[in-house]
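To start, the structure itself, in structure tokens.
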Amino acid sequence: MGQLMAVSPIRGLGLRALLWLPLSFFIWFAFSSPLVWPVVQMAKLALLSIWPTLFSDVVQSGHSMEVTTHLLVNQTAPDGRSGIGELVLVQNPLLYGYSLPLFSGLAMATPITIRRRLVQFAIALSAMWLAQAFGVVAESFKMLAFDSGAAGANAIVGAGIAPDSIALAYQFGYLILPAVMPVALWIGLNRAFIESLVHPVAEPAAGLPGPNNDAQE
């Protein structure tokens with residue numbers, strides 16, 4: 001019976017988090033464009049400030065991002081005419097942002113005050129925007145190095161960037177950060193609550209020394 005009582009709060013937390021997830025994903029997608037805007041601006045600052053010889057512009061289109069490079073490629077217009085133009089990399093930053101609704105489900109399921117929950121959202125949102133910007137920047141280099149033919153690969157080598165480091169950064173930003181960050185942030189911001197679930201305050205065991213036992217003796 002004691003073990004059942006100890007497990008119940010954890011199961012209740014998991015159930016509440018699952019119930020919050022659909023609404024969290026709906027709101028996240030409905031407001032995807034404004035939520036992506038800070039990510040695009042951070043990516044633009046990084047790409048144009050640190051690697052101006054590779055990238056010339058970054059613009060947002062809905063919840064998508066278009067990165068214009070200095071790489072000239074052969075392009076075909078809709079009317080069939082061909083010409084030389086700058087290579088434009090089209091990305092979807094939402095692929096790196098699903099950590100936000102995952103964190104929202106956990107945060108909304110946690111029994112804390114509204115003020116504390118708002119503070120947690122502010123901290124988590126800032127951290128996830130940085131991680132999301134890292135992901136799209138890494139994808140820009142991945143598309144240029146591995147998806148743009150010999151011209152893109154030569155441009156990366158000419159900039160002194162190792163292709164292996166690009167592959168590692170892309171895998172880290174795409175596979176690890178979005179999945180690990182929401183749980184890591186939630187644990188870090190709710191350590192006291194988690195401690196209360198893992199180590200609940202137990203009642204004094206019978207037979208231990210105490211005033212009542214001493215009186216009976």
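Values in this text are rule-based calculations from the coordinates and carry no lab data. No experiment lies behind these values; they were computed from the predicted model shown. We place every Cβ from the backbone using ideal geometry, glycine too, and count neighbours over all the protein chains shown.
If contacts are Cα pairs under 8 angstrom and at least 6 residues apart, what is the relative contact order of region 7-127 in percent?
On the way: 131 pairs, mean separation 32.2, N = 121.
Once normalised by length, the contact order is 27 percent.
Please compute the net charge surrounding Leu189, taking Lys and Arg as +1 and Asp and Glu as -1 over other residues with Cβ under 14 Å from its Cβ. Mind showing how you got there, number by number?
Working: positive: Arg115, Arg116, Arg117, Arg191; negative: Glu195.
Computed value for this residue: +3.
So between Phe146 and Val119, what do we pick up on full extension, going 0.36 nm a residue minus the alpha carbon distance? Display every interim value, and only then the final one.
Values: separation 27, 0.36 × 27 = 9.72 nm, distance 4.04 nm.
In short, 5.7 nm is gained.
Can you give me the three principal axis dimensions of region 93-144 from its C-alpha atoms, in Å, biggest first?
Result, largest extent first: 46, 15, 9 Å.
In nm, to one decimal, how far is the modelled label at Val183 from the one at Leu15, with both set 7 Å along Cα→Cβ?
In this crude label model, Val183 to Leu15 measures out at 2.2 nm.
If the only charges are +1 at each Lys and Arg Cβ and -1 at each Asp and Glu Cβ, what is the size of the charge dipole of region 20-151 around the Cα centre, to the nearest 20 debye?
Working: 6 positive and 6 negative charges, 128 e Å.
The calculation lands at about 620 debye.
Cα-based Rg (one decimal) and Dmax (whole number) for region 108-206, in Å?
Reported Rg and Dmax, both Å: 21.0, 78.
Modelled label-to-label distance, Val88 and Ile50, 7 Å Cα→beta-carbon offset: nm?
Placing both labels 7 Å beyond Cα along the Cβ direction yields 2.5 nm.
I need the semi-axes of the equivalent ellipsoid of region 53-171: take the C-alpha gyration tensor, multiply each eigenvalue by 5, square-root it, list largest first in whole angstrom. Could the numbers behind the result be given before it?
Working: eigenvalues 274, 58, 22 Å².
Equivalent-ellipsoid dimensions as semi-axes: 37, 17, 10 Å.
May I have the extent of the alpha carbons of region 29-123 along their three principal axes, as whole Å values ordered from largest to smallest?
61, 31, 15
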